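Novice: Let me begin by handing over the structure; questions about it come next.
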Amino acid sequence: MNPQTIAIVKATVPALQAHGEAITSHFYRIMFERHPEVKAFFNEAHQAAGSQARALAGAVLAYATYIDRLDEIAGALPRIIEKHAALGVLPEHYPVVGACLLRAIKDVLGDAATDEIIAAWGEAYQSLAALLIAAEEEVYRANAAQTGGWRGEREFRVARREDESEVITSFYLEPTDGGPLLAFSPGQYLTLVLNIDGEPLRRNYSLSDAPGKPWYRISVKKEEGGKASNWLHETAAIGTLLKVQAPCGDFVLQPADEHARPLVLVTGGVGITPAMSMLESMAHTGRPVHFIHAARHGGAHAFRARVDALAAKHANVKPLYVYDTPRDADRPHATGFVTRELLAQQLPADRDVDLYFLGPKPFMKSVYANGVALGVPKQQLRYEFFGPLEALKA
Ligand SMILES: Cc1cc2nc3c(=O)[nH]c(=O)nc-3n(C[C@H](O)[C@H](O)[C@H](O)COP(=O)(O)OP(=O)(O)OC[C@H]3O[C@@H](n4cnc5c(N)ncnc54)[C@H](O)[C@@H]3O)c2cc1C
Ligand code: HEM
């Protein structure tokens, strides 16, 4: 990019700060109107909640701010790249997004968005798009090149279903081609490419079992009013065929950490799924694993019997169950929420742990704040969102 383009883009930072979400919300409206073919990639609930528009506005603003120091935002790119690759975003989609984004900037900023500004943003978008396209192609290529890997969609069959709680059911998926399965890292997720009553949908589901099995297991919570989760619970039976995109995601156990620092997994509700995969693959290694799980009550608590069995077999696995509205017969270790005091009791005194957490947003904000306050190094706090990334700090 030439220095003049960089200067013009940087000069739009205040306007983006003021109008970023208005621009990205308008962007989605016009893109879905003009290009219905890309709508199926996006989750309507994330649009309605505004979280996707906020995530995109945040990314565009960060890009404009650091356009002359891209290394400052390099850390944020893997998540976007993995998310795009999981969903199957392709190079041909970029011009559609680019044209609609420029249109939205023009519409929202009006006369302030001069031809010069739009041209500079066009060039800046091309440059970012080229970077993302190349990185996403690298993910597709690497996945396809490995044993059991593939590119695009692969057909799987539901081989088994198992209820894990009153609201969470596991689905064991086996490829219909009978071939091997691509190894994944615990914490990664699949994308199901669905068509429900004529409506195309894509949904991410974390892999909940250890890698190396002849199946992929996903465990799905039945969401009230949710299209994919209700369809899976009510319609997907043994033998149902599903189109699946290869495992992706950067919320993974860091290779250097394995067998090293104690692992603390703190989850709420269905956020337990990637933690199960992490626990299943770490329990036998001797690495201390603190498995802290918050559920409303015993009826909503998934995988309790399995975690208890692992803890009975492996002294390094230490479960702690916390229920906020226990039923009479429930026997949690604690009632209420996962408080700072509770976390403090679980963590070793030096706080040198790898703390992975996932759950509803208020739960995540609290675990993050408590982890920081208790002195867990920030780079050892890792989290995933079951939706677009959101801010955890006030
Ligand atoms: C990386 C990742 C991993 C995930 N892993 C898991 C997992 O392991 N297990 C799991 O169960 N889920 C997981 N999810 C969540 C999953 O992808 C789905 O979002 C979830 O199953 C809900 O999808 P749905 O189609 O059933 O609901 P949706 O139809 O998307 O609806 C979700 C909620 O939003 C409401 N809603 C929908 N559309 C609108 C609208 N237009 N306006 C207002 N409200 C609306 C619905 O009523 C419902 O309450 C994961 C998500 C991500 C991003
Ligand atoms: C330079 C261009 C782009 C940028 C900067 C960008 C940025 C982002 C960001 C920040 C997120 C949120 C990631 C997260 O936290 O989950 C995201 C998600 C997503 N992006 Fe992009 N993106 C770009 C291009 C595209 C293109 C071309 C497509 C193709 C249709 C696309 C489709 C999606 C989808 C489907 C999601 C997930 C949405 C959801 O959860 O509902 N993006 N992108």
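The values are calculated or read from the model by the stated rules, or taken from the named source; none is laboratory data. Only a predicted model underlies this, so the values are computations on that prediction, with no experimental measurement involved. Here Cβ is always computed from backbone atoms with ideal geometry, including for glycine, and neighbour counts include all displayed protein chains. Ligands, DNA and RNA are stripped out before the accessible areas are found, and what is left, the full protein with its side chains, is counted by its heavy atoms. Shrake-Rupley method; radii C 1.70, N 1.55, O 1.52, S 1.80 Å.
Novice: When you scan segment 122-142, do you find a residue that is away from ligand 2 (no atom under 16 Å from the Cβ), open to solvent by 30 Å² or more (accessible area, probe 1.4 Å), of a type in the set (Gly, Ala, Ser) and modelled with pLDDT of 95 or more, even just one?
Specialist: yes
Novice: Something else now. Kindly state which helices (runs of 4 or more DSSP H) lie completely within segment 5-88 and contain at least 1 residues that are away from ligand 1 (no atom under 16 Å from the Cβ) and either crowded, with 19+ Cβ neighbours inside 10 Å or not hydroxyl-bearing (Ser, Thr, Tyr) (or both).
Specialist: 13-34, 36-39, 51-65, 77-87
Novice: For segment 364-394, enumerate the residues that are farther than 16 Å from Arg340 by Cβ, in contact with a strand residue (DSSP E or B) (Cβ under 9 Å, 6 or more places away or on another chain) and away from ligand 1 (no atom under 16 Å from the Cβ).
Specialist: Listed by number, the list holds a single entry, Gln380.
Novice: For segment 264-286, name all the residues that are more than 18 Å from Tyr321 (Cβ to Cβ) and open to solvent by 10 Å² or more (accessible area, probe 1.4 Å).
Specialist: Of everything in segment 264-286, those that are more than 18 Å from Tyr321 (Cβ to Cβ) and open to solvent by 10 Å² or more (accessible area, probe 1.4 Å) turn out to be Ser281, His284, Thr285, Gly286.
Novice: Which one is nearest to ligand 2 (Cβ to nearest atom), of the residues in segment 199-222 that are surrounded by 15 or more Cβ atoms within 10 Å (Cβ to Cβ) and among the charged types (D, E, K, R)?
Specialist: Per the stated criteria, the residue is Arg202.
Novice: Scan segment 371-393 and report the pairs whose first residue is open to solvent by less than 50 Å² (accessible area, probe 1.4 Å) and in a helix (DSSP H, G or I) and whose second residue is aromatic (Phe, Trp, Tyr) and away from ligand 1 (no atom under 12 Å from the Cβ), with Cβ atoms within less than 9 Å and a gap of 6+ or a chain change.
Specialist: Close Cβ pairs satisfying both conditions: Gly371/Phe357.
Novice: Would you pick out the residues in segment 181-198 that are hydrophobic (A, V, I, L, M, F, W, C) and either open to solvent by less than 30 Å² (accessible area, probe 1.4 Å) or part of a strand (DSSP E or B) (or both)?
Specialist: Leu182, Phe184, Leu190, Leu192, Val193, Leu194, Ile196
Novice: Which numbered condition in (1) open to solvent by 40 Å² or more (accessible area, probe 1.4 Å); (2) in contact with a His (Cβ under 7 Å, 6 or more places away or on another chain); (3) in the same structural domain as Arg203 (by TED's automatic domain parsing) is the only one that Thr176 fails?
Specialist: Going through the list (1) open to solvent by 40 Å² or more (accessible area, probe 1.4 Å); (2) in contact with a His (Cβ under 7 Å, 6 or more places away or on another chain); (3) in the same structural domain as Arg203 (by TED's automatic domain parsing), Thr176 breaks only (2).
Novice: Tally the residues that are over 16 Å from the mean Cα position of the chain (by Cα), assigned to a strand (DSSP E or B) and polar (S, T, N, Q), restricting the search to segment 219-252.
Specialist: 0
Novice: How do the pairs read when you match residues in segment 325-348 that are on the phi > 0 side of the Ramachandran plot with residues anywhere that are open to solvent by less than 70 Å² (accessible area, probe 1.4 Å) and not hydrophobic (A, V, I, L, M, F, W, C), using Cβ under 9 Å and keeping only pairs 6 or more apart or on different chains?
Specialist: So the pair list comes out as Gly336/Tyr323; Gly336/Asp324.
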